[in-house]
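Quick notes on the structure that follows.
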Amino acid sequence: MIILRMLFINEIGLRKDCQVRLSPDNNIISLRNELTDRTPVTDIRPFLLQNITPDWQSIIMEKIKNNYGLMSIRNRILIFSVLVTFIPSFGMGWILNSMIHTTITEKTEQKLLYSANIIEREIALWFKQRSYDLHVFSNSFIISENLGRHLSAKNNTDTDPSDPSVYSKNIATYLSSVQNQFDDYRRLVVLDNEGVIVAASETTEKDHPIQLPENTAEQIAAANSFKGDVYFDAENNSPLMLIGIPLFSERYDAYAGFLAAEVRLQGILPLLQTALFDTKNDLHICGSLINLHDGTHFLSTGHSTDFGSPEIITSGTAQLFDSPPQLQDFFNSHGTRVVGIATPLENPLWGLLITENHDDVFARVTRARNRNVLIICSFSLFIGLAAYLFARQIITPLRALTNGALQVANGNLNVTLPIQKNDELGFATKVFNEMVAELNLSHTKLEQLATTDALTQLANRKQIMISLSKHFEYYQRYTAEFSILMIDIDYFKRINDTYGHLAGDAVLLQMAKIFQETLRNVDMAGRYGGEEFLVILAETSGEKAQHTAERIRQAVEKHIFTFENCLIKVSISIGVARILEKEKNENSLVSRADQALYQAKENGRNQVVYIADAP
């Protein structure tokens with residue numbers, strides 16, 4: 001426990017002793033004072049703030065503000081607003097909850113249909129790219145020339161008696177080099193127009209026969225390419241597909257053969273994953289491709305890359321493709337209840353099945369209800385915040401006035417409180433600002449009196465020495481050269497004795513005006529003491545300072561000083577010194593200027609003396 005013992009001033013100006021007990025967590029335990037028992041403790045609390053450090057002021061002021069608790073104006077407005085908003089909003093939430101199931105179903109259907117459209121478009125582009133690759137490969141001179149010669153040698157129509165296998169090896173070498181650059185192709189094969197392998201890329205299955213589709217001619221006539229049916233790799237059961245294009249030769253009117261590729265369909269899997277990820281970053285969304293010819297389930301985002309035996313979809317799943325694409329509830333081949341859409345693809349004849357776990361979808365109804373409750377609570381909090389802001393319009397000006405009074409008590413007279421409303425509090429704030437402005441003006445005048453010579457209105461000795469110290473510090477940091485003038489009025493005592501002290505004051509005042517007219521804005525003159533003046537010439541070398549001093553001396557010599565009906569002739573002596581690197585402080589600079597002034601007086605006065613810098 002901490003005990004603060006301090007004095008305060010009561011309403012009639014009597015000083016009273018007060019003891020404040022604070023707990024370790026800065027709670028006010030008790031206030032004890034020497035007033036009568038009829039004086040409430042709260043009456044003395046504002047006086048506690050007069051002699052406490054800012055940290056203790058904030059602690060005690062906070063405790064004073066918190067005394068009202070729930071009965072404060074701000075809290076009562078806040079509680080009423082939240083209750084009025086929360087009750088009808090919560091009832092409305094239960095009504096809206098009945099619509100969530102339908103809304104979730106519609107949104108899920110739209111989401112899956114959108115994913116299906118993207119996947120269908122991406123698959124079409126993927127096959128188009130594979131066909132484009134084959135056309136690029138077939139444009140090679142190696143294929144066209146060697147295939148023509150191979151067929152001519154095989155049919156004994158070429159004048160070159162070379163072995164046809166030579167041309168086949170050339171094609172095979174080219175196909176192997178191409179196939180090694182593309183992971184999507186398991187094998188590249190060149191066939192003659194009867195479907196017999198002419199050459200194939202180097203693989204373990206290079207001699208495995210190729211089965212062309214039955215409608216190869218119809219597909220070539222329609223799209224200048226053909227696609228086979230889905231089949232599976234004998235080694236790892238990964239799905240494959242044969243695609244190809246016709247090859248033409250100048251030696252034949254029709255196409256001379258085919259360039260075909262066994263394509264790994266795993267390349268489509270990233271397209272499925274990307275489309276589903278962009279739609280909803282949810283691991284429970286599964287996309288599957290099904291061969292509608294035999295119902296084989298050959299590719300799915302829900303399976304690992306280690307392919308097992310091909311799965312056959314159930315008859316119920318196959319019937320989904322007979323109806324228009326819409327959200328349906330069914331069991332998949334693993335017996336899991338799902339909701340999804342089934343979309344048939346035209347070329348190739350595949351089926352796209354996108355599903356989502358049934359429990360996950362309708363679990364969103366509960367989450368949506370919780371979100372609805374959260375929204376209602378948030379709305380209530382928003383209304384409460386609005387009520388708080390409304391109450392704050394009353395509390396904030398009062399708090400600002402309190403804090404402003406604390407700052408003024410701490411000596412900050414630059415406080416200006418914003419007038420937020422043109423009401424009673426705004427009027428009180430305006431009066432407070434005017435009061436503080438008057439205090440600040442009075443404070444400024446006091447500071448001016450403390451730093452300005454009352455007679456000459458120049459800087460007094462304290463102020464001119466402070467300025468000289470700042471120039472010295474600036475020189476040490478940035479080596480900004482400056483000089484000073486030590487000025488003394490010649491025979492000033494004689495003036496006082498002859499014409500009186502008022503005449504001496506008039507001479508000092510007129511001398512200050514000469515300084516103000518002669519010096520620059522960056523220079524500063526101050527009354528050093530009696531009839532002595534100190535002038536600081538910023539960014540001025542010794543020679544320039546000497547010229548400035550001479551100009552001042554001549555101005556004083558030419559000036560006719562007047563007092564009442566008396567004309568007074570005045571001259572001055574000036575000692576000049578500039579800052580040196582060896583200076584340890586500003587006092588040594590003043591000492592050198594004073595020595596120069598002393599020499600000017602010894603030499604007969606009314607002159608400027610500048611002692612050159614020692615080497």
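The values are calculated or read from the model by the stated rules, or taken from the named source; none is laboratory data. Note that the structure is a prediction, hence the values are computed from the model and not measured. All Cβ positions, even for glycine, are placed from backbone atoms using ideal geometry, and neighbour counts span all protein chains on display. Heavy atoms of the whole protein, side chains included, go into the accessibility calculation; ligands, DNA and RNA do not. Shrake-Rupley method; radii C 1.70, N 1.55, O 1.52, S 1.80 Å.
Go through the stretch 162-177 and give me each residue that's surrounded by fewer than 20 Cβ atoms within 10 Å (Cβ to Cβ) and of a type in the set (A, V, I, L, M).
V166
Search the stretch 577-600 for residues being part of a helix (DSSP H, G or I) and over 15 Å from S483 (Cβ atoms), and hand back the single one that is most open to solvent (accessible area, probe 1.4 Å). Write out each step before concluding.
Restricting attention to the stretch 577-600, the residues satisfying the condition of being part of a helix (DSSP H, G or I) are 586-600.
Those still in the list that are over 15 Å from S483 (Cβ atoms) too: 587, 598-600.
Details: N587: 92, Y598: 147, Q599: 79, A600: 0 Å².
Selected residue: Y598.
Kindly establish whether A612 is in a loop (DSSP other than H, G, I, E, B), open to solvent by 30 Å² or more (accessible area, probe 1.4 Å), at negative phi and not charged (D, E, K, R).
Details: in a loop (DSSP other than H, G, I, E, B): yes; open to solvent by 30 Å² or more (accessible area, probe 1.4 Å): yes; at negative phi: yes; not charged (D, E, K, R): yes.
Criteria met by A612.
Looking only at the stretch 466-484, which residues are of a type outside the set (F, W, Y), part of a helix (DSSP H, G or I) and open to solvent by 40 Å² or more (accessible area, probe 1.4 Å)?
Taking the stretch 466-484 and keeping what is of a type outside the set (F, W, Y), we get 466-471, 473, 476-477, 479-481, 483-484.
In the following step, the residues that additionally are part of a helix (DSSP H, G or I) were identified as 466-471, 473, 476-477.
Matches in the stretch 466-484: I466, K470, H471, E473, Q476, R477.
Among residues belonging to the stretch 485-504 that are of a type in the set (D, E) and not in a helix (DSSP H, G or I), point out the one that is surrounded by the fewest Cβ atoms within 10 Å (Cβ to Cβ).
Quick first cut of the stretch 485-504, residues of a type in the set (D, E) only: 488, 490, 497.
Filter again for not in a helix (DSSP H, G or I), leaving 488, 490.
Numbers: D488: 21, D490: 19.
Looking at residues that are of a type in the set (D, E) and not in a helix (DSSP H, G or I), I get D490.
Note down all Cβ pairs under 7 Å where the first residue falls in the stretch 93-109 and is under 21 Å from Q328 (Cα atoms), the second is among the basic types (K, R), and they're at least six residues apart or on different chains.
I100/R369; I104/R364
What are the residue pairs meeting all of these: first residue in the stretch 431-459, first residue under 13 Å from L413 (Cβ atoms), second residue open to solvent by less than 70 Å² (accessible area, probe 1.4 Å) and in a helix (DSSP H, G or I), Cβ atoms under 8 Å, and 6 or more apart or on different chains?
Every condition considered, the pairs that remain are F432/L401; F432/G404; F432/A405; V436/G404; V436/V408; L439/V408.
Each row is one residue, and each column tells you yes or no for (1) over 20 Å from I100 (Cβ atoms); (2) open to solvent by less than 90 Å² (accessible area, probe 1.4 Å).
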| residue | (1), (2) |
| --- | --- |
| T314 | yes, yes |
| D329 | no, yes |
| T343 | yes, yes |
| I383 | yes, yes |
| T416 | yes, no |
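Please pick out the residue among I552, I574 that is open to solvent by less than 80 Å² (accessible area, probe 1.4 Å) and in a strand (DSSP E or B). Before the answer, list the steps.
On the way: I552 fails: in a strand (DSSP E or B).
Criteria check complete, one pass: I574.
On the given criteria, is I245 at pLDDT 75 or above and either touching a Ser or Thr at 6+ places or on another chain (Cβ under 7 Å) or assigned to a loop (DSSP other than H, G, I, E, B) (or both)?
Details: at pLDDT 75 or above: yes; either touching a Ser or Thr at 6+ places or on another chain (Cβ under 7 Å) or assigned to a loop (DSSP other than H, G, I, E, B) (or both): yes.
When the stated conditions are applied, I245 passes them.
Per-residue answers, yes or no, for (1) among the β-branched types (V, I, T); (2) closer than 22 Å to R605 by Cα:
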position	(1), (2)
Y474	no, no
R477	no, no
I495	yes, yes
E517	no, no
M524	no, no
I552	yes, yes
I579	yes, no
E583	no, no
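Going by the conditions given, is N565 at pLDDT below 90 and open to solvent by 20 Å² or more (accessible area, probe 1.4 Å)?
Numbers: at pLDDT below 90: yes; open to solvent by 20 Å² or more (accessible area, probe 1.4 Å): yes.
Answer is yes for this residue.
Of all residues in the stretch 257-266, which are at pLDDT below 90 and open to solvent by 10 Å² or more (accessible area, probe 1.4 Å)?
Q266
Residue by residue through the stretch 530-544, note down the ones that are within 29 Å of A503 (Cα to Cα) and open to solvent by 30 Å² or more (accessible area, probe 1.4 Å).
Listed by number, the residues that qualify are G530, E531, E532.
If R527 satisfies every condition in (1) assigned to a helix (DSSP H, G or I); (2) open to solvent by less than 70 Å² (accessible area, probe 1.4 Å); (3) charged (D, E, K, R) but one, which is the exception?
R527 satisfies all of (1) assigned to a helix (DSSP H, G or I); (2) open to solvent by less than 70 Å² (accessible area, probe 1.4 Å); (3) charged (D, E, K, R) except (1).
Take the stretch 352-399 and flag every residue that is more than 25 Å from W94 (Cα to Cα) and either modelled with pLDDT of 80 or more or of a type in the set (S, T, N, Q) (or both).
Residues satisfying the conditions are L352, L353, I354, T355, E356, N357, Q393, T396.
Could you say whether any residue in the stretch 439-455 is under 30 Å from I611 (Cα atoms), more than 43 Å from the chain's Cα centre (by Cα) and modelled with pLDDT of 85 or more? Steps first, answer last, please.
Start the filter on the stretch 439-455 by keeping residues that are under 30 Å from I611 (Cα atoms), which leaves 453.
Those still in the list that are more than 43 Å from the chain's Cα centre (by Cα) too: 453.
Narrowing further to those that are modelled with pLDDT of 85 or more: 453.
Checked against the condition, which is being under 30 Å from I611 (Cα atoms), more than 43 Å from the chain's Cα centre (by Cα) and modelled with pLDDT of 85 or more, the stretch 439-455 yields at least one hit.
State which residue is most open to solvent (accessible area, probe 1.4 Å) when the search covers only the stretch 418-436 and only residues that are over 35 Å from the mean Cα position of the chain (by Cα) and within 30 Å of F80 (Cβ to Cβ). Even if it seems obvious, please write down each step before you answer.
Step one: filter the stretch 418-436 for residues over 35 Å from the mean Cα position of the chain (by Cα), giving 422-436.
From what's left, within 30 Å of F80 (Cβ to Cβ): 422-429.
On the way: N422: 165, D423: 63, E424: 148, L425: 43, G426: 6, F427: 140, A428: 40, T429: 7 Å².
Filtering first and then ranking leaves N422.
Matching residues to (1) in contact (Cβ under 8 Å) with a residue 24 or more places away in the chain; (2) surrounded by fewer than 17 Cβ atoms within 10 Å (Cβ to Cβ); (3) within 20 Å of F226 (Cα to Cα):
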| site | (1), (2), (3) |
| --- | --- |
| Y114 | yes, yes, no |
| R121 | no, yes, yes |
| Y132 | no, yes, yes |
| I143 | yes, no, yes |
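Just a yes or no: is a residue in the stretch 101-115 assigned to a helix (DSSP H, G or I) and closer than 23 Å to T203 by Cα? Give the derivation first.
The initial filter retains those residues of the stretch 101-115 that are assigned to a helix (DSSP H, G or I), namely 101-115.
Applying the additional criterion that residues be closer than 23 Å to T203 by Cα yields none.
There is no residue in the stretch 101-115 that is assigned to a helix (DSSP H, G or I) and closer than 23 Å to T203 by Cα.
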